[in-house]
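One structure below.
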Amino acid sequence: MGSKIVSDANAFVKFLKLCQDESKDNCTYMDYISVLLVDKDDLLHNIISGNQPVFVCEKAQPKCEAESTETSADTSVVEETLYKVEQDLGPQPLSVMKARQLLSWYTMAHNPNMPQVKVSGTLHPLWVRCDKSDPCASAWLGVETVYSGNKTSGVKLYTVCCKGSTGDETSFTTLDELKQEHQNRHHPSTMATKGYAQFNMFCSLKEESMMFESQSSVIASLTWNNVDKVLECPPLSSKATLNIKVSVGDIRSPLYQTHKEMEFLLALAEGLRTGETEWLEPMETQSAVDLTRALIEELENLAHGVPGHTAKLSEKQKAKTDAAAVFSSMVIERGDLDFTEQLWEKMRRSVTSYQDITECLKVVVKAVKLGKIKPWIHKDSNSTLSKLILQSYQQQIDTMPLTGLTPANMLLELGLDKIRKDFINYLVGKELTTLNYLSYYLDTDVDLQEQVIRVRKLHHLLEILGTCSTFLSLPHDRLFLFTQSCLQYYKTSNYDEDHVFQLQIKPALISYFYEKEQPFSWGMEVSSGQGSKEVKTALYLSDKPLVDHISFDLDVPLDESVNGECEKMSYYRAMVSCSLISFT
């Protein structure tokens with residue numbers, strides 16, 4: 001073997017080993033090859049299973065050029081360095097020839113029959129972006145080691161060939177053609193087939209009055225054995241998983257009004273934390289103080305037995321509950337709001353300054369001290385104002401200086417108390433969990449800001465449950481297990497609306513949705529062999545390009561692809577083939 005080949009191979013694998021040992025996620029080799037260390041799932045869009053780190057080689061971005069110019073001011077000369085910023089071109093491929101050379105160096109380093117090229121230990125799998133310059137239009141080439149016990153016994157070489165988008169199903173590779181491709185490569189005695197499909201469940205829920213972008217998504221992922229044809233609908237024997245990502249604030253959510261309430265609570269908490277409050281637009285035309293006085297007057301009239309007043313209040317509450325029931329089957333609002341909760345409702349809809357909060361609470365405290373009202377309070381209320389009112393029952397009221405940030409903190413306590421009870425009412429009332437499981441989220445011994453964080457997590461959980469119960473009509477047993485899973489996740493994780501929660505489910509429960517939809521992603525694979533010697537040949541179809549370093553032309557007519565009214569979905573195609581190279 002030529003000494004230059006050996007030298008180049010050794011230099012390359014030593015460079016990879018250095019990057020791996022030092023966990024460098026972006027290095028440049030020979031000035032024109034970028035070597036990235038990434039997770040496989042993130043990069044290869046589930047074409048290749050597994051989430052272990054992999055090396056990715058691609059063409060290095062052109063370096064910025066520095067230009068020097070001289071400018072003079074009076075008699076002085078100032079040298080300025082101007083940087084010419086290149087537009088980010090995105091990931092760029094290497095030639096297929098260069099990719100094959102890199103893979104051959106990697107393979108030599110792991111071949112015990114070639115001691116001239118050595119690497120200590122083993123390297124992460126290597127993938128190279130390609131420019132489709134070969135006859136089969138290769139977009140990726142990859143290699144990973146195969147083990148027999150603790151020893152390297154060979155490598156698997158992967159080729160990913162991609163084509164543009166088309167809605168013409170006659171141009172898709174058929175199952176028989178895929179089997180023949182696998183047979184020609186591996187000559188197996190038996191072959192197995194497996195199917196994959198992903199459906200956007202929200203596609204089945206579109207309404208003409210609600211055609212807008214949403215950050216929430218419910219993706220049904222199904223897998224099954226024994227594929228019969230391309231784009232077949234998953235059978236009821238499939239394994240199904242719902243991948244649920246919910247962003248709060250979606251107007252379609254059954255908890256949209258609760259979101260508006262949380263929005264005020266979070267704005268108030270953020271203002272107390274940073275010293276700068278962005279007050280929300282008031283939802284009431286009356287001032288906060290006037291609304292507070294009116295609430296106290298209602299209680300006084302109720303205490304004095306003003307005729308018709310009780311009926312008036314119950315009618316208001318009934319109308320409010322009926323309106324919520326019409327909007328959604330997932331009613332969070334309660335009919336047993338105590339005085340502090342009613343006060344919170346009035347104030348959150350009307351206050352626009354700290355002065356408003358202070359004046360409102362002064363009115364309430366004065367009425368309580370003078371004995372004008374002795375309002376009913378939930379016995380487990382934890383707010384400062386609730387404790388003050390409870391003291392008034394025995395005519396023993398502590399001095400309450402309403403100065404500084406004290407009134408704002410008191411209002412935040414009222415909101416936390418009320419919203420927590422709302423959430424308990426739903427979660428425990430629907431038998432989705434117990435108070436014991438909620439103890440972490442209901443703990444009032446932590447500071448107010450931490451309480452806000454935990455209540456916000458609960459709100460996100462209820463938004464997720466709202467999607468599952470209202471839009472998908474999932475049964476109680478599935479919702480119960482899912483609730484426990486989400487509660488456990490948020491005990492140790494930060495608030496994250498981008499997190500994808502997963503729920504295993506029987507396909508029969510969602511077949512009504514996916515059977516009338518086209519999958520946005522579909523795949524089938526033919527496999528043979530066992531364990532580390534298993535090899536696969538696969539076809540993947542996707543409504544989005546499966547590679548991000550190559551541009552594709554659309555094969556569908558313009559009028560059909562732009563207005564989105566074509567009957568058949570158009571798919572980008574990728575063929576993945578694998579070769580097993582044995583060293584023994």
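The values are calculated or read from the model by the stated rules, or taken from the named source; none is laboratory data. Keep in mind the model is a prediction, meaning the values are calculated, not measured. Cβ sites come from the backbone with ideal geometry, for glycine too, and all protein chains shown count toward neighbours. Ligands, DNA and RNA are excluded from the accessible area calculation, which covers all protein heavy atoms including side chains. Shrake-Rupley method; radii C 1.70, N 1.55, O 1.52, S 1.80 Å.
Couple of notes before you dig in:
- Residues that are acidic (Asp, Glu) and not in a helix (DSSP H, G or I) were ranked within the stretch 287-346; the one that is modelled with the lowest pLDDT is Glu333.
- With respect to the conditions (1) more than 19 Å from the chain's Cα centre (by Cα); (2) open to solvent by less than 50 Å² (accessible area, probe 1.4 Å); (3) not β-branched (Val, Ile, Thr), Leu487 lacks only one, and its number is (1).
- Which listed residue is surrounded by 15 or more Cβ atoms within 10 Å (Cβ to Cβ), modelled with pLDDT under 95 and not hydroxyl-bearing (Ser, Thr, Tyr), from Leu268, Leu255: Leu255
- Matching residues in the stretch 356-374 - criterion: being in a helix (DSSP H, G or I), touching a Leu at 6+ places or on another chain (Cβ under 6 Å) and of a type in the set (A, V, I, L, M, F, W, C): Ile357, Leu361
- Note on the stretch 161-192: residues that are open to solvent by less than 20 Å² (accessible area, probe 1.4 Å) and not hydrophobic (A, V, I, L, M, F, W, C) total 4.
Yes/no matrix, rows are residues, columns are (1) farther than 21 Å from Leu272 by Cα; (2) out of contact with any helix residue (DSSP H, G or I) (no Cβ under 6 Å at 6 or more places or on another chain); (3) of a type in the set (A, V, I, L, M):
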{"residue": "Leu416", "(1), (2), (3)": "no, no, yes"}
{"residue": "Thr444", "(1), (2), (3)": "no, yes, no"}
{"residue": "Gln451", "(1), (2), (3)": "no, no, no"}
{"residue": "Leu465", "(1), (2), (3)": "yes, yes, yes"}
{"residue": "Pro475", "(1), (2), (3)": "yes, yes, no"}
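- Filter pass, Ser133 being open to solvent by less than 60 Å² (accessible area, probe 1.4 Å) and over 22 Å from Gln52 (Cβ atoms): no
- Extreme residue, nearest to Val368 (Cα to Cα), among residues of the stretch 281-298 that are aliphatic (A, V, I, L, M) and surrounded by fewer than 16 Cβ atoms within 10 Å (Cβ to Cβ): Ala294
- Flag for Thr174 being touching a residue at least 24 places away in the same chain (Cβ under 8 Å) and closer than 19 Å to Ala538 by Cβ: yes
- Residue count, the stretch 87-117 (criterion: out of contact with any Leu (no Cβ under 9 Å at 6 or more places or on another chain), in contact (Cβ under 8 Å) with a residue 40 or more places away in the chain, among the hydrophobic types (A, V, I, L, M, F, W, C) and more than 20 Å from Val146 (Cβ to Cβ)): 0
- Hits in the stretch 363-383 (condition: under 15 Å from Leu343 (Cβ atoms) and of a type in the set (D, E, K, R)): Lys366, Lys372, Lys374
- Residue pairs meeting the criteria (Cβ under 8 Å; at least 6 apart or on separate chains; first closer than 17 Å to Val13 by Cβ, in the stretch 26-38; second aromatic (Phe, Trp, Tyr)): Cys27/Phe15; Tyr29/Phe12; Tyr29/Phe15; Val35/Phe15; Val35/Tyr29; Val35/Phe55; Leu36/Phe55; Leu37/Phe55
- Extreme residue, nearest to Arg454 (Cα to Cα), among residues of the stretch 375-429 that are assigned to a helix (DSSP H, G or I), open to solvent by 40 Å² or more (accessible area, probe 1.4 Å) and among the aliphatic types (A, V, I, L, M): Ile424
- Pairs, first open to solvent by less than 40 Å² (accessible area, probe 1.4 Å) in the stretch 446-474, second among the basic types (Lys, Arg), C-beta under 7 Å, six or more apart: Val455/Arg420
- Positions within the stretch 464-497 being within 20 Å of Gly249 (Cα to Cα) and in contact with a strand residue (DSSP E or B) (Cβ under 9 Å, 6 or more places away or on another chain), in sequence order: Ile464, Thr467, Cys468, Phe471, Leu472, Cys486, Glu497
- Residue match in the stretch 498-507 (condition: open to solvent by less than 40 Å² (accessible area, probe 1.4 Å) and within 17 Å of the chain's Cα centre (by Cα)): yes
- Remark: pairs (first residue in the stretch 512-538, acidic (Asp, Glu); second residue part of a loop (DSSP other than H, G, I, E, B); Cβ separation under 8 Å; 6+ apart in sequence or on different chains) = Glu515/Cys233.
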